[in-house]
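Contents: one structure, followed by commentary.
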Amino acid sequence: MTPIKIYLVGWVFFLSSNCTNEDIAPPPPDVGFVETPSVERLTTEELLDLVQQRTFNYFWDFAETNSGLARETSRDDALGGTGDRVVTTGGSGFGIACFPAAVEHGWITRPEMLARLDRILNFLESCETYHGAFSHWYFGDTGLTRDFSALDDGADIVETAFLLQGLLINRQYLSDTVTEEAALINRITTLYENVEWSFFERGQNVMTWHWSPNNAFAIDLQVQGWNEALMVYVLAAGSPTFPIDRATYENGWARNGAMVNNNTYLGTQLPLGVDFGGPLFYAHYSFIGLDPRNLSDQYADYMQQNTAHSLINYTHCRNNPNNYLGYGGDSWGLTASNDYNGYAVHDPLNDIGVITPTAALSSFPYTPTESLAAMEYFYYNLNDELLGPYGFYDAFSEEFNWYDDSYLAIDQGPIVAMIENYRTQMLWTLFMQDPDVINGLNRLGFTF
């Protein structure tokens, strides 16, 4: 088949000396000539199916064999040559969250899901833990902690929360009337109830991110909003064994209101967080389970927050103030990812010309039209460079002709989960029915 060539005319960009960052520039079309590979046209539903299933296979076919958990990266030579052995707890949690959807879509069978959960739980019940909390990374073949940094060689309470988010979604999906499934439910419950959330509070009415037997709280990083870690406070408040109270949420997470923003960026008011919203993973990681559609407290409506964040990120890429090749209304999304210098957190205030597919695709519940345009661009325009065995590669830059050839679990997982929440709301529904989650949200003063 002869490749189809699409020729797009250039555009003229006008800057007024009176423009502010609240002004929206007219959306420019893409620049230059784009040659589209010969890719069969799919319906939207077929394309969503393809992207979801192929991306899920990172967590299923490519999982580390002993633990059943997700490898941190697909690059074997990473992490000092141990990339094939190192598994990630938070990234695994995102993949585990999608097991029920995989069964319902027919990607895996229910017995296969049960067997994989059993293997994962066997590992989590025997690996090194710290006051019930898990490390960021483990060696999947031994269960020993793989240091994340010089001082980070123990518990990571944020990664622990993301892992448990996925497990609790499965706890709700399993049936307590089936003996095998009831046993898995009880094992998940034990892992959750073993986490000493209040220990990480340190009597200071704020959660602390890290602790290790060698360095104690030496990193001294507080878990404060607004960022990706709301899940920590919800699960800590809902714990039947080591709960925190609302004062810790108000003082620690909300910083007594200091996380509120309410300024306008690129025509959109942002309720919470840093200027221009920061990287888009803030809107994804805790909302794999938390349903933002009716979620609010005294600080924000969380559907409004996440939609505003996504729209600001989209509008920045559409306006393309740095004139990067390939940016536009159909190619957008800035978040933490690999890049041509290694790895960095990308956002409108740190834009180096790198687009990360998870940013737009995991925002499907917030910006469905804009996210669909991005998915179609990635698939039809950049198919040869960007699509691999486990979905779209981690990141790319048309400006610098750089295309990653590897994956990161923590970027792939939200794609599957958030597209599912857009399509069926399944993960939201399961998580929001969990009685401990309900107790946590009530204790913190949320309406939902």
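Miscellaneous remarks
- Test: residue in the stretch 175-183 that is more than 16 Å from Phe242 (Cα to Cα) and either buried (at least 20 other Cβ atoms within 10 Å of the Cβ) or touching a residue at least 24 places away in the same chain (Cβ under 8 Å) (or both): yes
- Once the stretch 405-425 is narrowed to residues that are surrounded by 24 or more Cβ atoms within 10 Å (Cβ to Cβ) and of a type in the set (S, T, N, Q), the residue that is farthest from Ala374 (Cα to Cα) is Asn421.
- Here the stretch 364-406 is the region considered, the condition is being hydroxyl-bearing (Ser, Thr, Tyr) and out of contact with any Pro (no Cβ under 9 Å at 6 or more places or on another chain), and the residue that is farthest from Thr88 (Cα to Cα) is Thr369.
- If you check Asn215, Asn205 for being at positive phi and touching a residue at least 40 places away in the same chain (Cβ under 8 Å), only one passes: Asn205.
- Gly329 being modelled with pLDDT under 95 and not β-branched (Val, Ile, Thr): yes
- Hey, Glu159 touching a Ser or Thr at 6+ places or on another chain (Cβ under 7 Å) and surrounded by fewer than 18 Cβ atoms within 10 Å (Cβ to Cβ) or not: no
- Residue count for the stretch 235-286 satisfying the condition of being of a type in the set (Lys, Arg) and either at pLDDT below 95 or at negative phi (or both): 1.
- Any chance Arg187 is crowded, with 20+ Cβ neighbours inside 10 Å, assigned to a helix (DSSP H, G or I), among the basic types (Lys, Arg) and touching a residue at least 40 places away in the same chain (Cβ under 8 Å): no
- Here Phe392 meets each of (1) surrounded by fewer than 24 Cβ atoms within 10 Å (Cβ to Cβ); (2) farther than 15 Å from Phe287 by Cβ with one exception, condition (1).
- Any hit, the stretch 151-160, residues being among the charged types (D, E, K, R) and either at pLDDT below 95 or in contact with a Pro (Cβ under 9 Å, 6 or more places away or on another chain) (or both): yes
- When residues in the stretch 26-64 are screened for being modelled with pLDDT under 95, surrounded by fewer than 15 Cβ atoms within 10 Å (Cβ to Cβ) and either of a type in the set (Phe, Trp, Tyr) or not in a loop (DSSP other than H, G, I, E, B) (or both), 2 of them pass.
- Counting the residues of the stretch 363-374 that are of a type in the set (A, V, I, L, M) and in contact with a helix residue (DSSP H, G or I) (Cβ under 6 Å, 6 or more places away or on another chain) gives 1.
- Counting only residues that are farther than 19 Å from Asn421 by Cβ and of a type in the set (Phe, Trp, Tyr), the stretch 270-292 holds 1 of them.
- Filter result (under 20 Å from the mean Cα position of the chain (by Cα) and in a loop (DSSP other than H, G, I, E, B)) within the stretch 248-283: Gly273, Val274, Gly278, Pro279
- Number of the condition not met by Asp351 [criteria: (1) buried (at least 17 other Cβ atoms within 10 Å of the Cβ); (2) touching a helix residue (DSSP H, G or I) at 6+ places or on another chain (Cβ under 8 Å); (3) touching a residue at least 40 places away in the same chain (Cβ under 8 Å)]: (3)
- Residue match in the stretch 161-172 (condition: assigned to a helix (DSSP H, G or I), among the aromatic types (Phe, Trp, Tyr) and either more than 17 Å from Met432 (Cα to Cα) or at pLDDT below 95 (or both)): no
- If you go through the stretch 76-113 and pick out every residue that is outside any loop (DSSP other than H, G, I, E, B) and buried (at least 19 other Cβ atoms within 10 Å of the Cβ), you end up with 17.
- Screening Ser362, Ser337, Ser296, Ser371 for residues that are at pLDDT 95 or above, under 30 Å from Gln172 (Cα atoms) and touching a His at 6+ places or on another chain (Cβ under 7 Å) leaves exactly one candidate, Ser362.
- Every residue from the stretch 138-165 that is of a type in the set (Phe, Trp, Tyr) and farther than 18 Å from Val195 by Cβ: Phe139, Phe148
- Residue-level analysis places Pro292 among those that are surrounded by 22 or more Cβ atoms within 10 Å (Cβ to Cβ), in contact with a helix residue (DSSP H, G or I) (Cβ under 7 Å, 6 or more places away or on another chain) and of a type outside the set (S, T, N, Q).
- Selected residue [touching a residue at least 40 places away in the same chain (Cβ under 8 Å), surrounded by fewer than 18 Cβ atoms within 10 Å (Cβ to Cβ) and among the aromatic types (Phe, Trp, Tyr)] from Trp402, Trp428: Trp402
- Any hit, the stretch 298-320, residues being of a type in the set (Lys, Arg), in contact with a helix residue (DSSP H, G or I) (Cβ under 8 Å, 6 or more places away or on another chain) and not in a loop (DSSP other than H, G, I, E, B): no
The values are calculated or read from the model by the stated rules, or taken from the named source; none is laboratory data. Predicted model, so just to flag it, every value in this text is computed and none were measured. As a convention, Cβ positions derive from the backbone with ideal geometry for all residues, glycine included, and neighbour counts pool all protein chains shown.
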